[in-house]
Amino acid sequence: MRRILSIFIFISVCCFSQETDSLDLNQPKITDSVTIPAKKQLKTKDIDDIVITGTIKPISRSKSPVAVEIYSQKFFQKNPTPNIFEAIAMVNGVKPQLNCSVCNTGDIHINGLEGPYTMILIDGMPIVSSLSTVYGLSGIPNSLIDRIEVVKGPASSLYGSEAMGGVINIITKNALTAPKLSMDLMTTSWSENNMDLSTKFNVGKNAASLLSLNYFNYKRKIDENEDNFTDSALQNRISVFNKWNFKRKENRMASVALRYLYEDRFGGEMQWNTSYRGSNTVYGESIYTNRIEAFGMYQWPIKENIITQFSYNFHDQDSFYGSNPFNATQKVAFVQTYWDKKFGNHDLISGITYKKTFYDDNTPGTLSGDGFTNDPMKSPILGAFIQDQWEINERNTVLLGYRFDYDKIHHSVHSPRFAWKYSPNPYHTLRFNFGTGFRVVNLFTEDHAALTGSREVVIKSDLKPERSINGNLNYVWKISMGGRLINLDASAFYTYFSNKIVGDFDSDPEKIIYDNLNGYGISRGASMNVDYSFSFPLSINLGVTYLDVYQKFDGENEKVQQLHAPKWSGTYSLTYQFPDNLTIDFTGQFYGPMRLPVLPDDYRPEYSPFYSLANIQVSKSFKSGFEVYCGIKNLFNFTPKNPLMRPFDPFDQHVNDPINNPNHYTFDTTYGFAPMQKIRGFMGMKYILK
């Protein structure tokens, strides 16, 4: 701890001793624009940003009938992280959930809904799905980000399956406008080393290419809670990204991108090495991931505005959970063509999509009906959608949308959508959204608990696709105070699920039993974000979310609370800028009690305690393009207690010992709800050549 504080103080003193030009303190979270009357002109600059996720086409955020939250790369740099999975925790109502206390894989929850309900897009393409929702999120480096757009609530009318809970669209940098060279090197006191390098080069006058390399290495085994298991999974990961953007006549769009990811991940007993991989002697979870992605877009060279988007990804998984192997291959091809046409006050979009998924693994999920023959899943889905955005007048805008999807298993699926925006003046905007969602489930790629080897998986019946109906009310109020704006963004939401697929962890401690819910599921709640920049160089960003996520079974009155869905959660970010380009950022998240998967007669509490994960950073930028930064993560030093059940018997060799284990507890990895990494320091350096 003394070493961390010494590093922190040393760099802070160095930063204070330098003199450079001051920076403009802009809000890193991008907000709606407001036109202020001349006599009430404010000092802040509000930019009317362009969003695409809510309506699939570029539109100013203030005119969008769909509530879209936008977060710039600068926002996430307040708490440096090596990947999207960790960074997204800074967004209110969005929670990266660790699903395994050993290998630390996880997914992203929006408004308390499990990760499979969240669609992750890269440049509008469904690159992250199924297998990669569990194993691919940590491989997306922050260096690729230009901005992230978040839509909370079903968006299946535009994006099809998986967009039941919401959409996170990662917009990558444009090669035409990216810096010539950028570099970011960071290390922590736990020896987590991250390197981001990118360079941009022009090819002739009409093409530019962005080449980016991310390397993350963490090979230090640490066991501070003394359970003989690594507190954090070891990782050796490399990601290479290459994107091309082209200049064309009449500003027509064209781009293509490629990315390769390799990751070697391990978590387990401290004495494990590769010679124990797959054995029942020393427990370890070893996961090798190879992944290739390709995606792009092309605007047709004709008078009409017709755009084709395409993507392809190949994901290969070679892993062991103790002595249980999990090997899987997934290939997903996607193509979409849409026509954008304006008719008076109507903005019409219509298009067709085709998605084909090939999936094969060594689990019962890909066996044929006889239970012996391997039968890989090949699921083509054909879809068509239409959307009309009608600007009735300056105050009212209405959006109507409909999507039709068809596949050979589930046949016809219909997804309507309605949105209305009412803005009586620049200070008040009210948005109402109603829509339906659906999800075609591939269980074994989406629930990490099914793969750990610590429980037997039982599928009770043929699983049907899940459906949802959602209503969302959003209110944006811009309050003038002290010559500046307070940006208040509040939402209330309600989602009803049918055919919800539920994992029963409680009936049998040695099994997870999956079936469509004989009843229904509800996700309801409210959230609020507040942004404000004071007249002195302090800006704040505060958010809070209330959730009530539960299931009710037919014939029963009792509500069963959703696992890992805290009633209360929130985010906070405070930035103070001193003279000479010295900045201090204090960021974090807090979570109220959440229900956890406990065993019968478990001595561990069923609900987690209230906790907060706080971070502080000091950064200093220079005219030359360099920036140095340092800080402390997990400032309050919080870690869960007893995340593993019986870590001394991971193969359950003595589970039936009546003297030492009278309750017949089994080894279990699903209880963990937060990272096991204690307080630690970090430091790094950036360089940008524009």
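The values are calculated or read from the model by the stated rules, or taken from the named source; none is laboratory data. Keep in mind that what you see is a predicted model, and the values were worked out from it rather than measured. Glycine gets a Cβ as well: all are built from the backbone with ideal geometry, and neighbour counts include every protein chain shown.
Please work out if residue 313 is touching a strand residue (DSSP E or B) at 6+ places or on another chain (Cβ under 6 Å), within 30 Å of residue 286 (Cα to Cα) and not hydroxyl-bearing (Ser, Thr, Tyr). Spelling it out, residue 313 is indeed touching a strand residue (DSSP E or B) at 6+ places or on another chain (Cβ under 6 Å), within 30 Å of residue 286 (Cα to Cα) and not hydroxyl-bearing (Ser, Thr, Tyr). Being more than 22 Å from residue 148 (Cβ to Cβ) and either surrounded by fewer than 16 Cβ atoms within 10 Å (Cβ to Cβ) or touching a residue at least 24 places away in the same chain (Cβ under 8 Å) (or both) is the requirement here; does residue 208 meet it? Considered against the rule, which asks whether it is more than 22 Å from residue 148 (Cβ to Cβ) and either surrounded by fewer than 16 Cβ atoms within 10 Å (Cβ to Cβ) or touching a residue at least 24 places away in the same chain (Cβ under 8 Å) (or both), residue 208 comes out as yes.
Scanning region 111-130 for residues that are of a type in the set (Ser, Thr, Tyr) and in a loop (DSSP other than H, G, I, E, B), we see that the one that is modelled with the lowest pLDDT is 130. Looking only at residues of region 545-554 that are part of a strand (DSSP E or B) and charged (D, E, K, R), we find that the one that is farthest from residue 629 (Cα to Cα) is 552.
Here is a yes/no grid of residues against (1) at pLDDT 95 or above; (2) closer than 22 Å to residue 606 by Cβ; (3) out of contact with any helix residue (DSSP H, G or I) (no Cβ under 8 Å at 6 or more places or on another chain):
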{"site": "531", "(1), (2), (3)": "no, no, yes"}
{"site": "535", "(1), (2), (3)": "no, no, yes"}
{"site": "542", "(1), (2), (3)": "yes, no, yes"}
{"site": "546", "(1), (2), (3)": "yes, yes, yes"}
{"site": "549", "(1), (2), (3)": "no, yes, yes"}
{"site": "552", "(1), (2), (3)": "no, yes, yes"}
{"site": "555", "(1), (2), (3)": "no, no, yes"}
{"site": "559", "(1), (2), (3)": "no, yes, yes"}
{"site": "565", "(1), (2), (3)": "no, yes, yes"}
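The conditions of being assigned to a loop (DSSP other than H, G, I, E, B), within 22 Å of residue 191 (Cβ to Cβ) and modelled with pLDDT of 90 or more are not met by residue 648. Of the strands (runs of 3 or more DSSP E) that lie entirely inside region 153-229, those containing 1 or more residues that are modelled with pLDDT of 95 or more span 181-188, 193-203, 207-218.
Can you find even one residue in region 169-178 that is under 30 Å from residue 500 (Cα atoms) and either among the acidic types (Asp, Glu) or crowded, with 17+ Cβ neighbours inside 10 Å (or both)?
yes
The residue of region 436-482 that is farthest from residue 158 (Cα to Cα), among those that are in contact with a helix residue (DSSP H, G or I) (Cβ under 6 Å, 6 or more places away or on another chain) and modelled with pLDDT of 75 or more, is 438.
In region 555-585, the qualifying residues are those that are in a loop (DSSP other than H, G, I, E, B) and among the polar types (S, T, N, Q), and the one that is nearest to residue 112 (Cα to Cα) is 562.
Working carefully through the options 215, 159, find the one that is without any contact (Cβ under 8 Å) to a residue 60 or more places away in the chain, under 21 Å from the mean Cα position of the chain (by Cα) and surrounded by fewer than 24 Cβ atoms within 10 Å (Cβ to Cβ).
The match here is 215.
Residue 431 - would you say it is within 19 Å of residue 93 (Cα to Cα) and at pLDDT 75 or above? Yes. Candidates in region 217-267 are the residues that are in contact with a Pro (Cβ under 7 Å, 6 or more places away or on another chain) and charged (D, E, K, R); of these, the one that is farthest from residue 310 (Cα to Cα) is 227. Of the numbered criteria (1) within 27 Å of residue 120 (Cβ to Cβ); (2) small (Gly, Ala, Ser); (3) surrounded by fewer than 17 Cβ atoms within 10 Å (Cβ to Cβ), the one residue 323 fails is (1).
Checked against the criterion of being more than 15 Å from the chain's Cα centre (by Cα) and crowded, with 21+ Cβ neighbours inside 10 Å, the candidates 138, 191, 182 yield just one match: 182. So the check is Cβ under 7 Å with 6+ separation or different chains; which pairs have a first residue in region 62-91 that's closer than 18 Å to residue 232 by Cβ and a second one that's surrounded by 24 or more Cβ atoms within 10 Å (Cβ to Cβ) and among the basic types (Lys, Arg)? Filtered contacts from region 62-91: 89/95.
Residue 589 passes every criterion in (1) within 26 Å of residue 668 (Cβ to Cβ); (2) surrounded by fewer than 21 Cβ atoms within 10 Å (Cβ to Cβ) apart from (2).
Taken over region 234-257, the residue count meeting the criterion of being part of a strand (DSSP E or B), touching a residue at least 40 places away in the same chain (Cβ under 8 Å) and not hydrophobic (A, V, I, L, M, F, W, C) is 6. The criterion of at least 3 residues that are of a type in the set (A, V, I, L, M) and at pLDDT 75 or above is met by none of the helices (runs of 4 or more DSSP H) falling completely within region 1-110. In region 468-479, which residues are within 18 Å of residue 529 (Cβ to Cβ) and in contact (Cβ under 8 Å) with a residue 60 or more places away in the chain? 472, 474, 476, 478 - these are the residues of region 468-479 that are within 18 Å of residue 529 (Cβ to Cβ) and in contact (Cβ under 8 Å) with a residue 60 or more places away in the chain. Of the conditions (1) farther than 30 Å from residue 58 by Cβ; (2) free of Cβ contacts under 8 Å to residues at least 60 places away in the same chain; (3) surrounded by fewer than 17 Cβ atoms within 10 Å (Cβ to Cβ); (4) not β-branched (Val, Ile, Thr), residue 277 fails just one. Which one is it? Residue 277 satisfies every listed condition except (3).
Among the residues here, residue 684 qualifies as surrounded by 15 or more Cβ atoms within 10 Å (Cβ to Cβ), under 22 Å from residue 573 (Cβ atoms) and not β-branched (Val, Ile, Thr).
Residues being surrounded by 19 or more Cβ atoms within 10 Å (Cβ to Cβ) and of a type in the set (Val, Ile, Thr) are entirely absent from region 599-616.
Against the list (1) crowded, with 17+ Cβ neighbours inside 10 Å; (2) closer than 24 Å to residue 267 by Cα, the condition residue 654 fails is (1).
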